[in-house]
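Taking it in order: structure first as structure tokens, then the write-up.
Computed from the coordinates by the stated procedures, all read-outs in this text should not be read as laboratory data. All values derive from a computational prediction rather than experimental measurement. When we count neighbours, we look across all protein chains shown, and the Cβ atoms used for this are built from the backbone with ideal geometry, even at glycine.
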Amino acid sequence: MSPTHTGVTTGAADLDPCGESDHPDCGIRDVLDRVGDKWSVLVIVELARGPRRFRQLQRAIDGISQRMLTLTVRRLERDGLVLRTVYPTVPAQVDYRLTETGVSLTHLVRALADWSLKHRDTIARARRAYDAEHPGNGIR
């Protein structure tokens, strides 16, 4: 992939590996990969506050590059979680908002964020203890 590539990948890696199987794991992994992705979660949290333009999203999400934000909103749009609206103005204005499906996900994302905040100190202590007991293990 070139450094400027921003297309949504739809190759074999993005296809459901189960095909027509009705195994319970089929279809779940790719959805969890998307909604569990760091940037996707942050975009969903920001859009839960209301529609945002691209630059508003970029400013609100610390550390996200233009390319990564483009990929993230395109993938969320492809999954039916985000709606992209282009307004016929000069220059064209674009905003992003959660779809009904995206809105239905926000309470889960908020619960995860609340849980993370509540337990971050405990997790940080556990990590420090583990790292002290297992120096140089390469986990970070």
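Summary table below
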{"read-out": "Relative contact order [Cα under 8 Å, 6+ residues apart], region 42-121, whole percent", "value": "35"}
{"read-out": "Ellipsoid semi-axes in whole angstrom, largest first, where each is sqrt(5λ) of the Cα gyration tensor of region 92-140", "value": "37, 16, 8"}
{"read-out": "Cα→Cβ-extended label distance, 7 Å offset, between Val45 and Val103, nm", "value": "2.2"}
{"read-out": "Per-residue HN-Hα couplings for region 113-126 [Karplus 6.51, -1.76, 1.60; θ = phi - 60°; Hz; x = Gly/Pro]", "value": "5, 4, 4, 4, 5, 5, 10, 4, 5, 4, 5, 4, 5, 4"}
{"read-out": "Cα point-scatterer Debye curve for region 59-122, base-10 log of I(q)/I(0) at q = 0.21 Å⁻¹", "value": "-1.03"}
{"read-out": "Mean Cβ count within 10 Å, highest first, over the residues of peptides 100-108, 82-90, 67-75", "value": "67-75, 100-108, 82-90"}
{"read-out": "5 angstrom amide H check on Gly27, placed H, neighbours 5+ away", "value": "Cys18"}
